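Q: Take a look at this one; I'll ask things after.
Since every read-out is calculated from the coordinates, none of them should be taken as a lab result. Keep in mind that what you see is a predicted model, and the values were worked out from it rather than measured.
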Amino acid sequence: MKSAFNIPRMLAALAGAGGLVVGGPQTNAKALAVAATLCLGATLPVGAAPIYSNDFEGGSTANFSGDGTIQTPPSGVTHFLGYLANGGAAVLTLNGISAYSNIGLSFDLYTVRTLDGDGKGFCCGPDNFMVTANATTLMDTTFATRPDWTQDYPVAGSAGGTGSDSLLTGQLGPYVFFGSENYTDYTYHLSFTNIASNVNTLTITFFGNTTQSIDDEAFGIDNILVTGTATNEVPLPAALPLFATGLGLIGIIARRRRRRKAETVV
Ligand SMILES: [Ca+2]
Ligand SMILES: [Ca+2]
Ligand SMILES: [Ca+2]
């Protein structure tokens, strides 16, 4: 049996309207207005939809737990979640998403200070960054912040910084350690497809498995985007209270209009 409303697409519209998350605490007037509009019976096609996004510019760490707080780098160019080092982990938990298949994840990874890569260039490695989705390891590899040292991303023996966005190299600011100019920060755009399907709860963990402390070397994450393909067969939606609120708003607006009309007539 098909739902009268395409609930996953409504959730996507809510996310696009400024609401952060399925199952998350954030709503706003614009999102509720969209919910109200959609509840009037709009028919939308099924397809890939955003489930969660966060660029950390609004100060929210909704759905994140564990290590890492919002950081502003010396350049002030952006905000991100960090620092992750010496075994620190940031955990993103999404509940009530069983209506989504082919879930994808993309994010930006910042490498800062003196990450030592595979540890063969000087010492003090390996410095790994690892991502898991529920029980699956999506990546577990080393990064270096000197081009004359070596790292395992994208393949073993690569020069430090290989695979990063050259236009965004050194943008975060002077993360210079011991006065050396050989270190710089790098930005990697990472994405993973089909990391899970139709799970009620998805837990994504970002680990900074480095050998030294945060003030020596660290990772940061930014521009998190989780997407999924919405299906028509929708179990009890996590966002049902939102739609109920949307319907409630419609009722309130209608009552106020009727009252105003009555007052005008008198
Ligand atoms: Ca940001
Ligand atoms: Ca180091
Ligand atoms: Ca190290």
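Q: Cα centroids of region 196-232 and region 99-121: how far apart, whole angstrom?
A: For region 196-232 versus region 99-121, the Cα centre distance is 9 Å.
Q: In whole percent, what relative contact order does region 47-230 give with Cα contacts below 8 Å and a gap of six or more residues?
A: Dividing the mean separation by the residue count of region 47-230 yields 38 percent.
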